[in-house]
Structure formats: structure tokens, C-alpha cells
Amino acid sequence: MLSSACVYPAIGQNASSTIRPLVSDLFTADPSAHVFNGKIYIYPSHDIEANVAQDDEGGHFNMRDYHVYSMDRINGKVTDHGVALDLKDIPWAGRQLWAPDAAFRNGTYYLYFPAKDKADVFRIGVATSKSPTGPFKAQPEPIPGSYSIDPAVFTDTDGTSYMYLGGIWGGQLQRWHTGKYDKSLSTDLGKGHENEPALNAQVVRMSKDMLSFDEPLRDAQILDENGKPLLAGDTDRRFFEGAWMHKYNGKYYFSYSTGDTHLLCYAEGNSPYGPFTYKGVIMKPVEGWTTHHSIVEFQGKWYIFYHDAALSGKTHLRNIKVRELVREKDGSIRTIEP
Ligand code: FUB
């Protein structure tokens, strides 16, 4: 439990936020929502005050466990199912349990999560359970060939699952751009590279056992309206972190955060691998530096789960929220002013 700073505000009490946080006794962020067995399950990060100084690598996001939440209906009661996975029970992990996701196949639930290994390199881990709420048992090693942060697993209508991953700056994606880990790249590709193609999220097909990758990682490329890759200097549109995939009317909607420009954007494609053409902004900046979301269909409507820092006013102590995602008749997504 957290301090008394974590008070549940009445709707409208906080001018910057009229949507109520879903959870107010813990700080939660990066909500990945899924519908399993007719219920919504939310897999968020669990933010804590670890008293680590803020830096460009996100050292102050020093999370140590995950809780899983469920809801029978939107705006209904939110149930906290307790600790689903703890850092101390992940044999390979050193620190920083960042944004997780979950998937289901053949009677097993899979929790995917980024953590720094003992050498302080972000990897993606996986843990399994027979219940969507855990407890989850971690595999002894991270997924072979995995790196960076923010795994999001999408299962297509043909049953094939794909993982999207990556985040620049503290998420270390830039350190892998030559194929080998290069610790000297601390933020992105750096000054003088603004007119080069932006770094891309990675996409990979999952093996049938959901514990490994079935192929090498590939770029999930985002193109502009002229079919050219977005440039590194195009910070209002280029990928930063927090990838998500959903399918609507046969189209693949790749959505993500632009990080230092604090937008949630989306791009559309005809294949889960992309390329994706940039389409627009889903959500304008929320309170707090980070912005991270998931999109899910439930009982015939689409919802966006996201976070802000309205409860604490501190960027590393966030709270998850949900609101309806509105589409125009042509399938485009209406921009939300939070
Ligand atoms: O929660 C830690 C990091 O902050 C996530 O991995 C990013 O997406 C950002 O929300």
C-alpha cells in the first residue's frame, strides 16, 4: 500500500482529470487490457517510490512486482488480484519491471515483461499460469534474442501471435541498431542523425509454445503520406515506445507513444508486419512525462486504457484510466483531448 498521497478524487475534483483512475490504492501504469472469458483483465506496471533520482534512462521507474486487475464491465468494480509476479522470483532479472502484456493459448496464460538483466541490459521475459490473474511462474531465462522494452502480443484472426517491442532512450532500442549491443548510445542515434530514418519498433512471430520467437526480429516500419520512412527528427510522429496492435475491419492498427513529444499516435497497414502508414494522433499529452496505452474491444465498443500522473503529480507514480475510443465512419480514430 502507498502513502496517503494516493487519495481517490471525486469526478471533476482535479481540473486536469475528469476521468477517474481505475486504481487508487497503488500507483499503476502502462495498462495492457485483454478480454478473457468475457471479462476485462488489466496487466499494468506497478509504480513505486523507490527514491531513485530521475534521469534520462528512467532509473526512477524502479518497479518490483506486477498486480493483475479485472473488471466485469467498464465503470464496474475493479478487482486487484494481488501480486502476480515478483522480481525476486525471476531468476535472470536484476531490476526495473516495466510495461507488461499478456496472452492466452491452449489453456495457458502468458505474462510478458521487460526487465534489466544482471548486466543491466533490458530483455523480455515470460511467465506462465493456468489463471489469467496468476500467480505466474517465470521462465529461468529471458526469451532468446529479445531486448529492449514494452512487449505487446497480438493474436491475429488466424491464431498466429506476434510480439511488438522496443523503446528508445531508457528502453535501449538504439543500442541494438547495428545488431550488437552498443552501450555508448544513450538516448537515440544522436545529433546529426535527424534526417535519417527513425528507429523502428520490432515485430516478430511467436513460436507455437509462446515462449520463444519463431524468426528474427524485423522492423515495424512507419511511412509518411508519401510512402517514405518517418525520420528520426520527426519527433511528433516517430516511434518512441509503448507499441500496441489491434485489428479493425481487416486493417492492422499499429499505435505507439512518441515519448518526448508525449503523443499517442497510430499508423495503418495491411499486414501485422507493416509497413504502416502514419494516420494521426489518438491522444494528446496527459499529465506526466510518459504516455502508454492499449486498445481493446469489449461488448461491441472499443476502449483505450492509458495512464496519467494526476493522482500524484509525479511522473513516476502514475494511475491507469479507461475511456471509449471513438472512430469516424472511415475507420479513422478521433483524437482524444485528455
Ligand atoms: O513504465 C516504465 C516505462 O514508462 C514503460 O516501459 C514505458 O512505456 C513508459 O510508460
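The values are calculated or read from the model by the stated rules, or taken from the named source; none is laboratory data. Every value quoted in this text rests on a predicted model; they were computed, and no experiment measured them. Note that each Cβ is placed from the backbone with ideal geometry, even for glycine, and that neighbours are counted across all protein chains shown. Each accessible area value is taken on the protein alone, full model and side chains, heavy atoms only, with ligands, DNA and RNA left out. Shrake-Rupley method; radii C 1.70, N 1.55, O 1.52, S 1.80 Å.
Order the following by accessible area, largest value first: Thr290, Thr178. Probe radius 1.4 Å; ligands, DNA and RNA are ignored. Write out the running numbers ahead of the final one.
Working: Thr290 15, Thr178 95 Å².
From most exposed to least exposed: Thr178, Thr290.
On average, how much accessible surface per residue is there in the range 3-324, in Å², for a 1.4 Å probe, leaving out ligands, DNA and RNA? Display every interim value, and only then the final one.
Details: 12840 Å² over 322 residues.
Counting only protein heavy atoms, the per-residue value for the range 3-324 is 40 Å².
Show me the trypsin sites (Lys or Arg not before Pro) within the range 67-170 that DSSP assigns to loop and that have at most 12 other Cβ atoms within 10 Å of their Cβ. Intermediate values should be presented prior to the final figure.
Working: sites: Arg73, Lys77, Lys88, Arg95, Arg105, Lys116, Lys118, Arg123, Lys130, Lys137; in loops: Arg73, Lys77, Lys118, Lys130.
Loop-located and lightly packed - Arg73, Lys77, Lys118, Lys130.
Is there a quick way to get the dipole size of the chain? I mean about its Cα centre, with the Cβ of Lys and Arg at +1 and of Asp and Glu at -1; what is the value in debye to the nearest 20? Don't skip to the end; give the middle numbers.
Details: 35 positive and 41 negative charges, 142 e Å.
For this selection, approximately 680 debye.
To one decimal place, what orientation-averaged projected area in nm² is obtained for the convex hull of the Cα set of the chain? It would help to have the intermediate numbers written out before the result.
Details: hull surface 64.5 nm².
So the Cα hull casts an average projection of 16.1 nm².
Considering the chain as a Gaussian network with a 10 Å cut-off on Cα pairs, which listed residue, Pro151, Pro135, Pro100, attains the greatest mean-square fluctuation?
Most flexible of the set in this elastic network: Pro135.
Using θ = phi - 60° and the Karplus curve 6.51 cos²θ - 1.76 cosθ + 1.60, what whole-Hz ³J(HN,Hα) does each residue of the range 74-82 get, with Gly and Pro shown as x?
Running phi through 6.51 cos²θ - 1.76 cosθ + 1.60 with θ = phi - 60° gives 5, 6, x, 5, 9, 9, 8, 8, x Hz.
With a 1.4 Å probe and all protein chains left in place, how much of the accessible area of the chain comes from carbon and sulfur atoms, in whole percent?
Values: 6760 of 14010 Å².
Summing carbon and sulfur atoms, their accessible area is 48 percent of the total for the chain.
Please give, to one decimal in nm, the separation of the simple spin-label points placed at Lys329 and Ser131, each 7 Å out from Cα toward the Cβ.
In this crude label model, Lys329 to Ser131 measures out at 4.8 nm.
Mind giving me the nanometre distance, one decimal, between the label points for Asp55 and Lys251, set 7 Å out from Cα along Cα→Cβ?
Distance between label points: 4.2 nm.
Would you check the accessible area of Tyr273, probe 1.4 Å, heavy atoms only, in square angstrom rounded to 10?
About 40 Å², ignoring ligands and nucleic acids.
Residue by residue through the range 154-164, what is 3J(HN,Hα) from phi via Karplus (6.51 cos²θ - 1.76 cosθ + 1.60, θ = phi - 60°)? Round to whole Hz and write x for glycine and proline.
10, 10, 6, 5, 8, x, 7, 9, 10, 10, 9
Report relative contact order for the range 3-324 in percent, whole number only (criteria: Cα-Cα under 8 Å, sequence separation at least 6). Spell out each step's value before the answer.
Working: 870 pairs, mean separation 51.0, N = 322.
Answer for the range 3-324 is 16 percent.
Given DSSP loops and a limit of at most 11 other Cβ atoms within 10 Å, what is the longest stretch of the chain that contains no such GluC sites (Glu not before Pro)? Write down the numbers at each step before the final one.
On the way: sites that count: Glu225, Glu328.
By the stated rule (loop sites, at most 11 other Cβ atoms within 10 Å), 1-224.
Which trypsin sites (Lys or Arg not before Pro) from the range 147-201 combine a DSSP loop assignment with at most 10 other Cβ atoms within 10 Å? Intermediate results must be reported in sequence, preceding the final value.
Values: sites: Arg175, Lys180, Lys183, Lys191; in loops: Lys180, Lys183, Lys191.
Filter output for the range 147-201: Lys180, Lys183, Lys191.
Stretch Asp72-Ser186 to full length: gain in nm at 0.36 nm per residue minus the Cα-Cα span? Don't jump to the answer; show the numbers that get you there.
Values: separation 114, 0.36 × 114 = 41.04 nm, distance 4.26 nm.
That works out to 36.8 nm of additional length.
Give the residues of the range 185-222 whose amide nitrogen is closer than 15 Å to a point set 7 Å from the Cα of Trp289 in the direction of its Cβ.
Those under the cut-off are 186-188.
Let a ≥ b ≥ c be the square roots of the eigenvalues of the Cα gyration tensor of the range 142-261; is it rounded (a/c under 1.5), or, if not, prolate (a/b larger than b/c) or oblate?
Values: a/c = 2.20, a/b = 1.28, b/c = 1.71.
Oblate, because a/c is 1.5 or more while a/b does not exceed b/c.
Name the residue farthest towards the positive end of the dipole of the chain from the options Ser129, Val326, Gly288, assuming +1 on Cβ of Lys and Arg, -1 on Cβ of Asp and Glu, about the Cα centre.
Ser129
Along the Cα→Cβ direction, 7 angstrom out, place labels at Phe36 and Thr79. What is the inter-label distance in nm?
1.3 nm
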